[in-house]
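**Student:** Sharing a structure here in structure tokens format.
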Amino acid sequence: MKKLILFIAFTFCITCFSQKLPKGFVYLSDVDISIQKELRYLNTDNFIGKSIDGYKNNCIIVTRETALALKKAQTILAKKGLSLKIFDAYRPQQAVDHFVKWAKVLNDTLMKQEYYPKVPKSQLFNQGFIASKSGHTRGSTIDLTIIDVKTDKELDMGSPYDFFGIQSHPFYKNITEKQKENRMYLRKLMLQNGFKPYENEW
């Protein structure tokens, strides 16, 4: 998971193909249709276990600059039979508010064993796993991984997407050499294409 941080802030609902986007924003598929996606907050396969407020359709919205940077990274991967796979991009403020509201209900731990087994829910904000203000609302922060195009399988990064624990830190040592190699390859690729890593996540 790598994040490109820019300083553009808009709030709008994700409604593909029916809404004119604010200036500077694009649908990623209009720039590169080959980039894969699995928008976890659109469905129930996420740390809350429910669809998240503000996600309406299966599309990715980003700033144009971000889309062009992703396209460059994708071109490099395509030569190796690989592809980017995006889990989250532009995140409506409604979604951030949903996270905050959920975090306050301490007995709602439906997905604890899968996503934060060793972190008390009350500590998710303090430990930086959830934020009340997200860079994703700028449209230039991306959560992603790499997949093998032939098998459609994600490269093994040593921990799943959105796992809240030290295992997700990029330089966590207690994983295999191949998992470390995969993390460093993703990190290097995104840095080369103008992205700035978030240090709590691979």
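**Student:** In region 43-72, how many residues are in a helix (DSSP H, G or I) and over 22 Å from residue 137 (Cβ atoms)?
**Tutor:** Residues meeting the conditions: 2.
**Student:** Please go through region 167-193 and give me each residue that is of a type outside the set (S, T, N, Q), touching a Ser or Thr at 6+ places or on another chain (Cβ under 9 Å) and not in a loop (DSSP other than H, G, I, E, B), ordered by number.
**Tutor:** 186
**Student:** May I ask you to say which residue of 141, 109 is of a type in the set (Ser, Thr, Tyr), open to solvent by less than 50 Å² (accessible area, probe 1.4 Å) and either touching a residue at least 12 places away in the same chain (Cβ under 8 Å) or closer than 20 Å to residue 199 by Cβ (or both)? Before the answer, list the steps.
**Tutor:** Working: 109 fails: open to solvent by less than 50 Å² (accessible area, probe 1.4 Å).
Going through 141, 109 in turn, just one is of a type in the set (Ser, Thr, Tyr), open to solvent by less than 50 Å² (accessible area, probe 1.4 Å) and either touching a residue at least 12 places away in the same chain (Cβ under 8 Å) or closer than 20 Å to residue 199 by Cβ (or both): 141.
**Student:** If I filter region 112-131 down to residues being part of a helix (DSSP H, G or I) and not small (Gly, Ala, Ser), which single residue comes out as most open to solvent (accessible area, probe 1.4 Å)? Outline the logic, then answer.
**Tutor:** In the first step, residues of region 112-131 are kept if they are part of a helix (DSSP H, G or I); the result is 112-115, 121-123.
With not small (Gly, Ala, Ser) added as a condition, the list becomes 112-115, 121, 123.
Working: 112: 48, 113: 144, 114: 97, 115: 6, 121: 15, 123: 65 Å².
Among those that are part of a helix (DSSP H, G or I) and not small (Gly, Ala, Ser), it is 113.
**Student:** Show the residue pairs that are 6+ apart or on different chains and have beta-carbon atoms under 6 Å apart, the first residue being within region 40-64 and in contact (Cβ under 8 Å) with a residue 60 or more places away in the chain, the second being among the charged types (D, E, K, R).
**Tutor:** The qualifying pairs are 46/40; 47/162.
The values are calculated or read from the model by the stated rules, or taken from the named source; none is laboratory data. Here the structure is a predicted model, which means the values were calculated and not measured. Virtual Cβ from ideal backbone geometry, glycine too; neighbours counted across all protein chains shown. Just so you know, the surface numbers come from the protein's heavy atoms only, side chains and all, with ligands and any DNA or RNA stripped out. Shrake-Rupley method; radii C 1.70, N 1.55, O 1.52, S 1.80 Å.
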